[in-house]
Amino acid sequence: MVIFGLIQVIVSQIPDFPNMKWLSVVAAVMSFTYSIIGSALGLAKVIENGEIKGSITGLPSSTAAEKVWLVAQALGNIAFAFPFSLIFLEVQDTLKAPPPEKITMKKVSIMASCITTFFYLCCGGFGYAAFGNSTPGNLLTGFGFYEPYWLVDFANACVILHLVGGYQVFSQPIFAEVERWFVRKFPDSKFVHKNHTLKPLSMLSFSLNFMRLFFRTAYVAIMTGIAVLFPYFNQVVGVSGAITFWPIVVYFPAEMYLTQKRIESWKSKAIAFRVFTMVCLVVILYAFVGSIRGVIVARFG
């Protein structure tokens, strides 16, 4: 984790979101690669076993209450599974018209949701069918597979490269927002505004801003520290998914639609949207509490 953090300190110096095209492409290719490998290894393991392991009720638990909390954590994991809405507008800002950006993004979001769902179902379904109740939370890095060693190692290398790119894709909007605040707050500060051009090699040069260097390094250091303190994949993912899903995926889109279409609050469509929003809020609060409990149990239990 510390090594990963050091890598992120360097990669975080990429100035802004539009300059990340190459990194996002690499991350996407790596994601496809390890998803295909994980699905294929799961299917091969099912064929080797000659049976489908697991059950429709999922992992057994000692008590009914424990099962309820596990379901809550699983809902948080599902909520985290579609996080692209966090960077939806940032991606749209990088598009060129024509065609209109909203038309392109609508097609892309539908395509991304379908492809992502397909790979999740393949990895999750084949993985559970292959290992049953002993299925690890993270199929490749959880050592669900040991052979062939070279293929598993290659897949895990793809996971790491994907996470390097994914970290930046989701962090760059935060960097941009905080740095815009610094620019507005300190309009005359050279520390904030001045860029320094460095040329370590005659054919290579890059721009360095001290405020960007210090802020982004501090951000990565804090995130790395949190990761070291709470190295629990499924539990932390559940908390993250529960925090971000409802406001960004459910509430704001629903409210923006009602406002844009000028639908009165007493209309049946508006009532249906608000009921749906509140039901999702209850479910996501349940997922949040269950995931927080999972983190606490994993850390102190």
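The values are calculated or read from the model by the stated rules, or taken from the named source; none is laboratory data. Everything numeric here is computed off the predicted structure, so don't read it as measured data. Counting neighbours? That spans all protein chains shown, and the Cβs are built from the backbone with ideal geometry, glycine included. Only protein heavy atoms, including side chains, enter the accessible area calculation; ligands, DNA and RNA are left aside. Shrake-Rupley method; radii C 1.70, N 1.55, O 1.52, S 1.80 Å.
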Any chance you could run the full-extension gain for L213 through T57? It's 0.36 nm times the residue separation minus the Cα-Cα distance, nm to one decimal.
51.2 nm
Work out, step by step, the length gained on full extension between T259 and Q13: first 0.36 nm times the residue separation, then minus their alpha carbon distance; give nm to one decimal.
84.7 nm
Integer Hz, Karplus 6.51/-1.76/1.60 couplings in order for the stretch 43-51, x for Gly and Pro
5, 4, 5, 4, 5, 5, 5, x, 7
Mean accessible surface per residue for the chain, computed with a 1.4 Å probe while every protein chain stays in place, in Å²:
63
Set the Förster distance to 35 Å, then compute FRET efficiency between D153 and L229 from the Cβ-Cβ distance, nearest 0.05.
0.80
What is the set of long-range amide H partners of N209 at a cut-off below 5 Å, with H atoms built 1.01 Å from backbone N?
H196
Give the Rg (one decimal place) followed by the Dmax (whole number) of the stretch 1-98, computed from C-alpha coordinates and expressed in Å.
20.0, 58
Working note, the chain: Cα radius of gyration (Å, one decimal) and Dmax (Å, whole number) are 22.0, 70
Which of the residue pairs K21/K107; K185/K261; K102/K267; K67/K269; K102/K269 have a Cα-Cα distance greater than 25 Å in the structure shown?
K185/K261; K102/K267; K67/K269
Run the simple label-point estimate for S268 and F300 please: 7 Å along Cα→C-beta, distance reported in nm.
5.1
